[in-house]
Every structure is written in structure tokens, then in C-alpha cells.
Amino acid sequence: MPRRFANGLVIDPSNWRADLLKLILRVSLILGLLVYLPSVVMAIQSGFVAVAVIDTIALAMIIGLYRFDRIPFRWRASVFCLNCYALGVGLLVEVGSISQIYLFGFSILTAMLFGGRAGLLSALLSSATLLFVGYLGHVAPEMAISGWKIDAMPDVVFTKDENARFVIGNPATLTLFGLEREEQLIG
């Protein structure tokens, strides 16, 4: 038997995932519309035009999914989750490591809408994406390897930027090159 909550929200236990998607889309639409304009203006002023485009596409997808509620649940939920994933990847590449939270949200939403197995697969996809983006060098060096972890390693560990300049080097690396301080290595 459906239960009625505030503002006419009805949750049917036999169809709870579809009702949950409807609620998530409604909240995403309201919050998305509230932050869209300031976000796009700030992104364009800061030179992040790609972020403005990503935000626009993501919000347009949410509006479409909300409006076309006759589309079967699995299609709507799949498109919504892929929209969250694409938003996470786009922001990770354009903004940096702080945006990895969107990939985490993608995994949680997928688990809620499709169940544990799909949630696990989405978490693996998010992890693989983080590794791949990190491998391509699109993340901040502090995200790739934490300095306190590599300092304790006896092996030679270092990272270089896209211009083949040293960014991080542990004590074993300094010894290998006959240096005393990390500042002598970097650059």
C-alpha cells in the first residue's frame, strides 16, 4: 500500500526504486536550477568554459529525465547514472582532484537505483576512471601519491609532470642522484 509523505510524495513499496528516482530527479532539478546560473557565470569568468558546458549538458539531461517520466525506469535510471558519471569525469579532468566526489556519488546512486551488484560495478568503474585519469596526468600531484607514504619507502619513488620535470621524490631518489634536499630535485 502506498504511503503519502510531505508535498504529495507517494512511495509505493512495490515500486520504491522508481519513486526514489523521481524524488532524486526532483531534488536534483531544484538544486541544479538554484546553482546553475552562478556556477556558469563563475566558470566562464574564471576561464573554465568547459565546466559551463558540462554543467549545461548535465542540467539539460536532468530536466529531460524529469519531464519525460513515461520513459521506462531502467532507461531513465541508467541515463541519470551515466549523466552523473559523465559529470564526474568531466569535472575531474577540468577542475581537478576535488571533483572525484562526483564519481563517489555516481556509485552510491547506482547502488540505490539498481542494487548492490550494479553499485559494486560502478565503484570499480569509478576507481578505474580515477586511475586512468591519474595515469594521463590530469590530476594534481598530491592526489597521485601522498608524500608521507613515499618518504617511508626504501625504493626509488618519484613523479614527473608533463614536461618531464620532477614533482615529487622520496629520500631514496635523492640518494640515487646524490642530492640532499627535495628542492634540489624538483623542477
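The values are calculated or read from the model by the stated rules, or taken from the named source; none is laboratory data. Predicted model, so just to flag it, every value in this text is computed and none were measured. No Cβ is skipped: glycine too gets one built from the backbone with ideal geometry, and neighbour counts run over all protein chains shown.
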Candidates 54, 30 - the one that is under 24 Å from residue 110 (Cβ atoms) and within 20 Å of the chain's Cα centre (by Cα): 54
Pairs with Cβ under 9 Å, 6+ apart, first in segment 117-134 and assigned by TED's automatic domain parsing to the domain that holds residue 105 and closer than 13 Å to residue 93 by Cα, second of a type in the set (Ser, Thr, Tyr) and modelled with pLDDT of 95 or more: 129/85
